[in-house]
Every structure is written in structure tokens, then in C-alpha cells.
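The values are calculated or read from the model by the stated rules, or taken from the named source; none is laboratory data. Keep in mind the model is a prediction, meaning the values are calculated, not measured. Here the Cβ positions follow ideal geometry from the backbone for every residue, glycine too, while neighbour counts run over all protein chains shown. Heads up: the accessible areas ignore ligands, DNA and RNA and are worked out on the full protein's heavy atoms, side chains in. Shrake-Rupley method; radii C 1.70, N 1.55, O 1.52, S 1.80 Å.
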Amino acid sequence: MTLTAEAGAKVSGAVDVASRASEHGIPVVLVEDVNSPNSVAEIRALAPDLVAVVGWTRLIHDELLKLPTHGCIGFHASLLPHNRGRAPVNWAILRGEHETGNTMMLLNAGIDTGGVVDQRSTPIGPEDTCATVYERVAALGAAMLGDHLGPLLRGAVVPRRQDESKATLLPKRVPLMGVTDWRRSAQEIHDWIRAQTAPYPGAFTHLDGERVTLWRSAPPAPGDSPVNPGTVVAIDHTGVTVATGSGTVLVTEVGTVEHHHLHAHEWAAGAGLRVGAQFDQPSDAWVAWSLGRGPRPEETR
């Protein structure tokens, strides 16, 4: 077995698997571009029976896909063909979905379009975050690989085709898409915060032009919004309660330029925050882009 890893890869939640592999005596090949002629030649020299692609950020091209005797196996953190594309767990949570999973597939040149070898689901609970869901999704992937490795190496697996009529494709997310639209409901904002918390860059807002990252919130209770969305309506030891388009949301952990993680009450005291303070409302264009419904506005470039 040999590990091929992407040199200098910087993605949220990245793990240094190269070091772990070296500790266990597994040869490591670092590549800048796995599809380059040099990389393909290095992998061809290994004469692989099977290639497992996990956490890779780029599509694998045909030349490499055809090298292994039994193909390339990949994983995608959704129940394909639903939520093909980037950041599937984050999108699922921020869209209020209650279930996701992991799909093990035989890779082809498309975006998450390969034949399905196995697929396992996991619920998204009201207090789950992107981190807790991805942890379960990773465990599902490891279990599927263990269960199917023998049959794959024997050529005894027959993947099933995906139903293209049910396919959905997600857009890429970038940090500035985390801007918070306080006009959304309290539940939607809670989902927004937990979908983008650590190890991702986080949902954020602005107060008097200063950026505030929203790391954590409490599941909201039903109710009306007493004042304009984005208005601070209460501050106590539990955190900062903010009005939304429908109901209120309790923000419990925030971050600033000076302090990456703070309890919201501690931040409020240090910042001199008062009831009635108003968080900034982003433009409609910025909100639409953040939801994958419009082009990137000039103000974010």
C-alpha cells in the first residue's frame, strides 16, 4: 500500500495523513497535481490493484482512473445523487435537512457521478454541527471500505447507476459566503451558524463595521420577533439574544479579530454591548450569493 497526498493542501478540517502513514511505514508520495504526467507515471509504476480517493479536492482524470486493475473508489458525504458537489454536509445543515450520509462509489470523470458501491445514512440532529456530522460520515466511510475491500479486490462488486433524474449539484462555498442575514428565521440562523462553525471559517456578522464570527448558538424556541431583525434583545450569562425575521436566537460563542473564541457574554461585556444594539444587515445581492442563488457581488471581491 502507498499513500499519495496533495502537497500543501489547505482545506477546512484537513488532517496530516502523510505523517501518520509514515509513522506506520507506509510509503508516501506527495504531489502538487495528481493528474500531471509525472504524478500519473509515479502511480503507474506502483501497479495498483485499487486506488481509494478520500478527501481529495480535485477531480481525477481518465488517465489515472483507468490505471488500477479494479478502478478508483471514492467517497462523497451525501446520499448521492442528492447533493453532489462541494461542502455537502455544510449545505445540508444550513438548508435545514435532517439526514445525510456517505456514498462509496466507483469513480468516473464526472462530479460525484460514479456507480454506487454502498451508501449509509446518518441523521442530522438539532444540536449537530458540521464537525459532529462529518465525524460520523467519516466513520461510515471507513466501515464501508472495510466491508467491501475484499470483494473490490476480487472484482466481485457491481456498482449501481445513479438516478440522474434525482441529481442535485451544490456550488462551492468560500468564507465570505458565511455572512448572516438576520431577516431569516431563528431556526434558519441557528442552522446557518452550526453549518459553518469550526473547523470551517464560521458564520459572521458585523457590528459598527467590526466583524464578529458566530461560532455557536442554542436551538431556538418558537416565538415572535419583538423588534427589527439583528437587534440585541437580551444579554445575560447564557449569551446574547438577537431578534431575527421570526423569533430570536441565542448566540453563545463568538470570535473577533483579537479573540478567536469567546463566550458571547464575555465578549458583550468587553465590547460594551447593550440591548438595542443593531448588527449590520448585508445587501440582498450578498445574501443571494451566500445561498448559492446569485452571482458574487462586487462588494465581496
**Request:** For residues that are more than 18 Å from LEU169 (Cα to Cα) and not in a loop (DSSP other than H, G, I, E, B), scanning just region 286-299, find the one that is least open to solvent (accessible area, probe 1.4 Å).
**Result:** VAL287
**Request:** Look at GLY74 and say whether it is within 20 Å of LEU152 (Cα to Cα) and either among the aliphatic types (A, V, I, L, M) or in contact with a Leu (Cβ under 7 Å, 6 or more places away or on another chain) (or both).
**Result:** yes
**Asked** Do you know which residues across region 138-157 are touching a residue at least 24 places away in the same chain (Cβ under 8 Å) and part of a loop (DSSP other than H, G, I, E, B)?
**Response** GLY155, VAL157
**Message:** Looking for something open to solvent by less than 30 Å² (accessible area, probe 1.4 Å) and assigned to a strand (DSSP E or B) - is there at least one such residue anywhere in region 226-238?
**Reply:** yes
**Item:** The one condition in (1) closer than 23 Å to GLN187 by Cβ; (2) modelled with pLDDT of 95 or more; (3) open to solvent by less than 40 Å² (accessible area, probe 1.4 Å) that LEU262 fails to fulfil
**Value:** (1)
**Message:** So for region 270-285 (the condition being in a loop (DSSP other than H, G, I, E, B), open to solvent by less than 70 Å² (accessible area, probe 1.4 Å) and either within 27 Å of THR132 (Cβ to Cβ) or of a type in the set (Phe, Trp, Tyr) (or both)), does at least one residue qualify?
**Reply:** yes
**Request:** Look at region 32-50 and say how many of its residues are surrounded by 15 or more Cβ atoms within 10 Å (Cβ to Cβ) and under 24 Å from the mean Cα position of the chain (by Cα).
**Result:** 1
**Prompt:** From the list VAL54, VAL116, which one is farther than 30 Å from ILE189 by Cα, surrounded by fewer than 20 Cβ atoms within 10 Å (Cβ to Cβ) and within 15 Å of the chain's Cα centre (by Cα)?
**Reply:** VAL54
**Item:** Of all residues in region 90-109 being closer than 30 Å to LEU65 by Cα and open to solvent by 30 Å² or more (accessible area, probe 1.4 Å), the one that is modelled with the lowest pLDDT
**Value:** ALA109
**Message:** Being closer than 22 Å to ASN90 by Cβ, small (Gly, Ala, Ser), buried (at least 21 other Cβ atoms within 10 Å of the Cβ) and in contact (Cβ under 8 Å) with a residue 40 or more places away in the chain is the requirement here; does ALA203 meet it?
**Reply:** no
**Message:** Anything in region 167-195 that is within 16 Å of the chain's Cα centre (by Cα) and either among the aromatic types (Phe, Trp, Tyr) or open to solvent by 70 Å² or more (accessible area, probe 1.4 Å) (or both)? List them, or say none.
**Reply:** LEU169, LYS172, PRO175, TRP192
**Message:** On the basis of being open to solvent by 10 Å² or more (accessible area, probe 1.4 Å), touching a Gly at 6+ places or on another chain (Cβ under 7 Å) and without any contact (Cβ under 8 Å) to a residue 40 or more places away in the chain, does PRO220 make the cut?
**Reply:** yes
**Asked** Of all residues in region 245-269, which are assigned to a helix (DSSP H, G or I), of a type outside the set (Asp, Glu) and over 25 Å from the mean Cα position of the chain (by Cα)?
**Response** HIS265, TRP267, ALA268, ALA269
**Fill in**
The condition of being of a type outside the set (A, V, I, L, M, F, W, C), without any contact (Cβ under 8 Å) to a residue 40 or more places away in the chain, surrounded by fewer than 17 Cβ atoms within 10 Å (Cβ to Cβ) and out of contact with any helix residue (DSSP H, G or I) (no Cβ under 6 Å at 6 or more places or on another chain) holds, among GLU127, GLU210, GLU135, GLU164, only for GLU135
**Fill in**
Flagged in region 245-257 as touching a helix residue (DSSP H, G or I) at 6+ places or on another chain (Cβ under 9 Å) and without any contact (Cβ under 8 Å) to a residue 60 or more places away in the chain, in numbering order, are LEU250, VAL251, THR252, GLU253, VAL254, GLY255, THR256
**Item:** Residues within region 185-225 that are of a type in the set (Val, Ile, Thr) and in a strand (DSSP E or B), tallied
**Value:** 3
**Request:** Considering every residue within region 238-249, establish whether at least one is in contact with a strand residue (DSSP E or B) (Cβ under 8 Å, 6 or more places away or on another chain), more than 16 Å from ARG184 (Cα to Cα) and at pLDDT below 95.
**Result:** no
